[in-house]
1. Helix 10-22 versus the longest principal axis of the chain: what is the Cα-based angle in degrees, 0 to 90, to the nearest 10?
2. Which value, in Å², gives the accessible area per residue of the chain when a 1.4 Å probe is used on the protein heavy atoms?
3. Could you give the angle, 0 to 90 degrees to the nearest 10, between helix 58-69's Cα long axis and the longest principal axis of the Cα atoms of the chain?
4. How far apart, in nanometres, would the label points at R3 and S80 be if each is projected 7 angstrom from Cα along the Cα-to-Cβ direction?
5. Can you give the FRET efficiency for T46 and E90, using 1/(1 + (r/R0)^6), R0 = 22 Å, r = Cβ-Cβ distance, to the nearest 0.05?
6. Multiplying the sequence separation of Y68 and V53 by 0.36 nm and subtracting their Cα-Cα distance, what value in nm do you get?
7. Over all distinct alpha-carbon pairs, what is the Kirkwood Rh of the chain in angstrom?
8. Dipole size in debye (nearest 20) for the chain around its Cα centre, Lys and Arg Cβ +1, Asp and Glu Cβ -1?
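The values are calculated or read from the model by the stated rules, or taken from the named source; none is laboratory data. Since the model is a prediction, treat every value here as computed from it, not as a measurement. Cβ coordinates were reconstructed from backbone atoms using ideal geometry, including for glycine residues, and neighbour counts include every protein chain displayed. The area values use the complete protein model at the heavy-atom level, side chains included, leaving out ligands, DNA and RNA. Shrake-Rupley method; radii C 1.70, N 1.55, O 1.52, S 1.80 Å.
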Amino acid sequence: MRRVYTAATLPEAHLILQQLESAGINARVFNENAQGAIGELPVTDTWPDVCIVQNHQFLAAQAVIERYEARSEVDLLCNSCGEISPGSFEVCWQCSAILSTQV
């Protein structure tokens with residue numbers, strides 16, 4: 001196991017986990033329940049970690065994470081329904097079409 005990402009929130013950790021698994025990378029989230037120890041442990045020690053199971057997938061995992069971190073915060077226009085979605089979305093929240101055009 002090798003840590004590839006430390007998330008500020010549990011939902012963000014699971015988003016990274018889902019993206020890694022979509023890329024065929026077996027990963028796990030650790031420290032899911034550690035936030036109950038805030039006050040006894042430093043806050044950053046309770047943040048969830050995303051770890052890959054197979055060390056040889058480290059470079060592929062880094063590429064997935066770099067794409068996640070490079071996501072534009074510019075709103076995206078859906079070509080299918082015309083709805084505007086946040087730049088961090090991959091699919092339209094309204095119709096589930098793939099987003100690609102920036103507004």
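1. 70 degrees
2. Details: 6500 Å² over 103 residues.
Per residue, the chain has 63 Å² of solvent-accessible surface.
3. 50 degrees
4. The answer from the label model is 3.9 nm.
5. The computed FRET efficiency comes out at 0.20.
6. Working: separation 15, 0.36 × 15 = 5.40 nm, distance 1.96 nm.
Net length gain for the segment: 3.4 nm.
7. Working: mean 1/r = 0.0664 Å⁻¹.
This gives a value of 15.1 Å.
8. Values: 5 positive and 12 negative charges, 64 e Å.
Dipole magnitude for the chain comes out near 300 debye.
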